[in-house]
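For reference, the structure is listed below as structure tokens.
Laboratory data are not the source of any read-out in this text; all were calculated from the coordinates shown. What you see is a predicted model, and the numbers here were worked out from it, not measured in a lab. Virtual Cβ from ideal backbone geometry, glycine too; neighbours counted across all protein chains shown.
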Amino acid sequence: MTEILNYYRSRVEAFEKDRVQWYDKLQQVRPKQELVHRVEWELKKRQEEKAELERTMQEMQNALNAERDRIVQIKTQTDQLKIKGKENRQLIIELLEKNNAVEQHVYYQKDQQPEKIQSFSKQSLMKPSTRVTVGAGSTLRKTIEEHKQNPSINYDM
């Protein structure tokens, strides 16, 4: 019986040695708690930085989209103003053509008094369908020549 008892004691001691060896190996393999804590802390900081960067990027994208919308709106307003300006210029031209504009010319000649010619615009008095467009220089020359030849001519058509 002592033999059996010694046998089992030796087996228990062998298992105890094996257990201690495996426990030491486990302690060597197991990461240190300090290292685990540091890595977890860094991970948490990185996640917070990532979230902050994502929020900032979203704000910048929203601002960029708002500016793009503003640019499109300004371009639309500019186009509308250009169209309105063209319409206004056309209206001014039509109104000037319809009114009886007075043309006044003063001619200075050497050793003579200034010569003044006032008349209603021939073009403004003509009906739109009968208007003839003539260069300003040739119309002016004709008017001057006519006036010099006969100062009593009335240019009112």
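General remarks:
- 19 Å Cα-Cα reach of K116 towards aspartates and glutamates, excluding residues that sit fewer than 8 places from it in its own chain: E103, E145, E146, D156
- Non-local lysine pairs in region 22-94, meaning eight or more places apart or on different chains, with alpha-carbon distances under 29 Å, amount to 5.
- Furthest towards positive pole of dipole, A51, N88, Q27, structure part region 22-94, Cβ charges: N88
- Positive contributions from Lys and Arg (+1) and negative ones from Asp and Glu (-1), summed over other residues with Cβ under 13 Å from the Cβ of W22, come out at +1.
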